1. Among the listed residues PRO39, PRO83, which satisfies the condition of being more than 20 Å from PHE124 (Cα to Cα), out of contact with any Asp or Glu (no Cβ under 6 Å at 6 or more places or on another chain) and touching a residue at least 12 places away in the same chain (Cβ under 8 Å)?
2. What tally of residues in the range 162-190 results from selecting those that are farther than 24 Å from THR133 by Cα and touching a strand residue (DSSP E or B) at 6+ places or on another chain (Cβ under 7 Å)?
3. Test VAL118 against the stated conditions and say whether it is touching an Asp or Glu at 6+ places or on another chain (Cβ under 9 Å) and of a type in the set (Val, Ile, Thr).
4. Return the residues of the range 41-61 that are over 17 Å from the mean Cα position of the chain (by Cα) and surrounded by fewer than 16 Cβ atoms within 10 Å (Cβ to Cβ); say none if nothing qualifies.
5. So which residues in the range 1-24 are in contact with a Leu (Cβ under 9 Å, 6 or more places away or on another chain), of a type in the set (Ser, Thr, Tyr) and either buried (at least 16 other Cβ atoms within 10 Å of the Cβ) or within 14 Å of GLU173 (Cβ to Cβ) (or both), if there are any at all?
6. Condition (residue is on the phi > 0 side of the Ramachandran plot and either part of a helix (DSSP H, G or I) or buried (at least 19 other Cβ atoms within 10 Å of the Cβ) (or both)) applied to the range 103-114: is it met by at least one residue?
7. Take the residues of the range 146-197 that are assigned to a loop (DSSP other than H, G, I, E, B) and basic (Lys, Arg): which is nearest to PRO12 (Cα to Cα)?
8. Looking at the range 173-181, is at least one residue over 21 Å from ARG104 (Cβ atoms), small (Gly, Ala, Ser) and surrounded by 19 or more Cβ atoms within 10 Å (Cβ to Cβ)?
Amino acid sequence: MAVKILIATTNPGKVLEISQLFGNSLFEFVNLRDFENMPVAPEDSEEFELNAMFKAKHYAGHINMATVAEDAGLSIPVLGGWPGVQSARIGSDDKERIGLVLDRMKAFAGDDRKAMFVSVAAFFDPVVNTIITFKGILNGRLLAKPKGSNGFGYDPIFFNDQFNVTLAELSTEEKNSISHRGKSIKALANWLEGYYR
């Protein structure tokens with residue numbers, strides 16, 4: 001019998017990526033779209049790890065179900081790590097967010113355009129009060145204009161040297177093989193296989 005776990009997001013892109021990263025496993029996933037009137041967890045920490053942990057505890061507490069929550073974002077060293085934990089909230093949609101980043105990066109070239117994606121996946125089991133986190137990082141650089149139509153968020157401007165394309169030009173499988181989320185979720189999935197066996 002499958003273990004039911006909540007993926008604490010309404011973002012269909014994240015739901016797809018996370019469920020695919022678990023592969024053919026012993027888990028059955030639901031997400032926040034499956035629950036009406038769920039109070040939204042505030043994300044007011046400046047650290048990805050604390051936000052992920054708080055979200056996992058918040059949603060698990062409301063439905064008493066083991067929960068996977070993830071906080072991720074784009075970090076640009078030359079801009080002091082901006083947008084960081086605010087990555088999903090600096091604009092009203094992906095197009096506007098990309099525009100804001102590209103506007104702030106106009107003055108920079110070469111190594112100053114280096115950036116990284118950071119992901120922290122948290123798991124919380126409210127029955128036994130277990131919480132654990134896993135972190136993944138993907139390094140790259142920012143292009144001056146978007147390329148590609150796959151993925152979501154900042155994928156169209158995030159260039160990956162390994163594949164020599166943006167993340168938005170990769171298939172979901174290719175992206176999952178290298179991505180920050182792929183690294184954090186795969187580590188969590190491996191840990192959960194042992195936790196529930």
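1. Of PRO39, PRO83, the one residue that is more than 20 Å from PHE124 (Cα to Cα), out of contact with any Asp or Glu (no Cβ under 6 Å at 6 or more places or on another chain) and touching a residue at least 12 places away in the same chain (Cβ under 8 Å) is PRO83.
2. Number satisfying all stated conditions: 2.
3. It is true that VAL118 is touching an Asp or Glu at 6+ places or on another chain (Cβ under 9 Å) and of a type in the set (Val, Ile, Thr).
4. Selection gives GLY61 alone.
5. Once the filter is applied, which keeps residues that are in contact with a Leu (Cβ under 9 Å, 6 or more places away or on another chain), of a type in the set (Ser, Thr, Tyr) and either buried (at least 16 other Cβ atoms within 10 Å of the Cβ) or within 14 Å of GLU173 (Cβ to Cβ) (or both), the range 1-24 yields only THR9.
6. Start the filter on the range 103-114 by keeping residues that are on the phi > 0 side of the Ramachandran plot, which leaves 110.
From what's left, either part of a helix (DSSP H, G or I) or buried (at least 19 other Cβ atoms within 10 Å of the Cβ) (or both): 110.
Yes, that holds for at least one residue.
7. LYS147
8. So far as the range 173-181 goes, yes, one or more of its residues are over 21 Å from ARG104 (Cβ atoms), small (Gly, Ala, Ser) and surrounded by 19 or more Cβ atoms within 10 Å (Cβ to Cβ).
The values are calculated or read from the model by the stated rules, or taken from the named source; none is laboratory data. A quick note: this is a predicted structure, and the numbers were derived from the prediction, not measured. Virtual Cβ from ideal backbone geometry, glycine too; neighbours counted across all protein chains shown.
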